[in-house]
Amino acid sequence: TVTVVGAGLMGHGIAAEFAMAGYEVWLHSRSDESLDRARGMIRDSLERLRSFGRLSRAQVESVPGKVHMSTDLNVAAGSADLVIESIYEDLDAKRELFGKLDKLCPDRTVLASNTSSFPPSKFAEATERPDKVINTHFLNPPYLVPLGEVVPTPQTSDETTRVVMDL
């Protein structure tokens, strides 16, 4: 299960990308309005891919069912295997979120950030699991550009890096 926290420009695209790959996805935002916008952006993205011949009509119809949405962080991230933070670019807000996720998520959960602005070590400091913290910077739009950066910290375990690279 993959959880994406932040349903904006990048978050909805990351959620769509994982859903197209067959993963169960939770998309979290602070408001229902933001999640409604994300739902529409995901459908538009899928239709765009269909118009390019990259998805079938059946895929366009089935993928949204893999993206579950919630304004409750406990519901969205409480049993996730991977959480990708994609909120606004504010270091303090991101560190606060990593601290919450660290307490909320199972020990196995990898905590990642989609940022390219801050080193992942800044987030690892806010957790008790620095071996499971990494940056996964997707390029825009994630469902169309098949390229991303994976940036571990010196404390990130080889296993965490391998798992994220495989995903």
Quick one: would you say Val67 is touching a residue at least 24 places away in the same chain (Cβ under 8 Å), closer than 18 Å to Thr136 by Cα, of a type in the set (Val, Ile, Thr) and crowded, with 17+ Cβ neighbours inside 10 Å? no
Any chance the range 107-118 includes a residue that's assigned to a loop (DSSP other than H, G, I, E, B), free of Cβ contacts under 8 Å to residues at least 24 places away in the same chain and within 14 Å of Ala80 (Cβ to Cβ)? yes
Can you confirm whether the range 125-143 contains a residue that is part of a helix (DSSP H, G or I), open to solvent by 30 Å² or more (accessible area, probe 1.4 Å), in contact with a strand residue (DSSP E or B) (Cβ under 8 Å, 6 or more places away or on another chain) and of a type outside the set (Val, Ile, Thr)? yes
Quick check on the range 1-49: of everything there that is more than 15 Å from Asn140 (Cα to Cα) and touching a Lys or Arg at 6+ places or on another chain (Cβ under 8 Å), which residue is surrounded by the fewest Cβ atoms within 10 Å (Cβ to Cβ)? Gly22
Kindly evaluate Ala112 against the criterion of being open to solvent by less than 60 Å² (accessible area, probe 1.4 Å) and either more than 30 Å from Leu55 (Cα to Cα) or in contact with a Lys or Arg (Cβ under 8 Å, 6 or more places away or on another chain) (or both). no
I'd like to know if the range 75-82 contains one or more residues that are of a type in the set (Val, Ile, Thr), open to solvent by 10 Å² or more (accessible area, probe 1.4 Å), part of a loop (DSSP other than H, G, I, E, B) and touching a residue at least 40 places away in the same chain (Cβ under 8 Å). no
May I ask you to say which residue of Glu149, Glu125 is in contact (Cβ under 8 Å) with a residue 12 or more places away in the chain, touching a helix residue (DSSP H, G or I) at 6+ places or on another chain (Cβ under 8 Å) and not small (Gly, Ala, Ser)? Glu125
Looking across the range 83-102 at residues that are open to solvent by less than 10 Å² (accessible area, probe 1.4 Å) and not in a strand (DSSP E or B), the single one that is nearest to Gly11 (Cα to Cα) is Lys94
Would you be able to tell me the number of residues in the range 125-156 that are of a type in the set (Gly, Ala, Ser) and closer than 25 Å to Glu17 by Cα? 1
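The values are calculated or read from the model by the stated rules, or taken from the named source; none is laboratory data. All values reported here derive from a predicted model rather than from experimental measurement. Reconstructed Cβ throughout: ideal geometry from the backbone, glycine too, with neighbour counts over all protein chains shown. These accessible areas exclude ligands, DNA and RNA; they are computed on the full protein's heavy atoms, side chains included. Shrake-Rupley method; radii C 1.70, N 1.55, O 1.52, S 1.80 Å.
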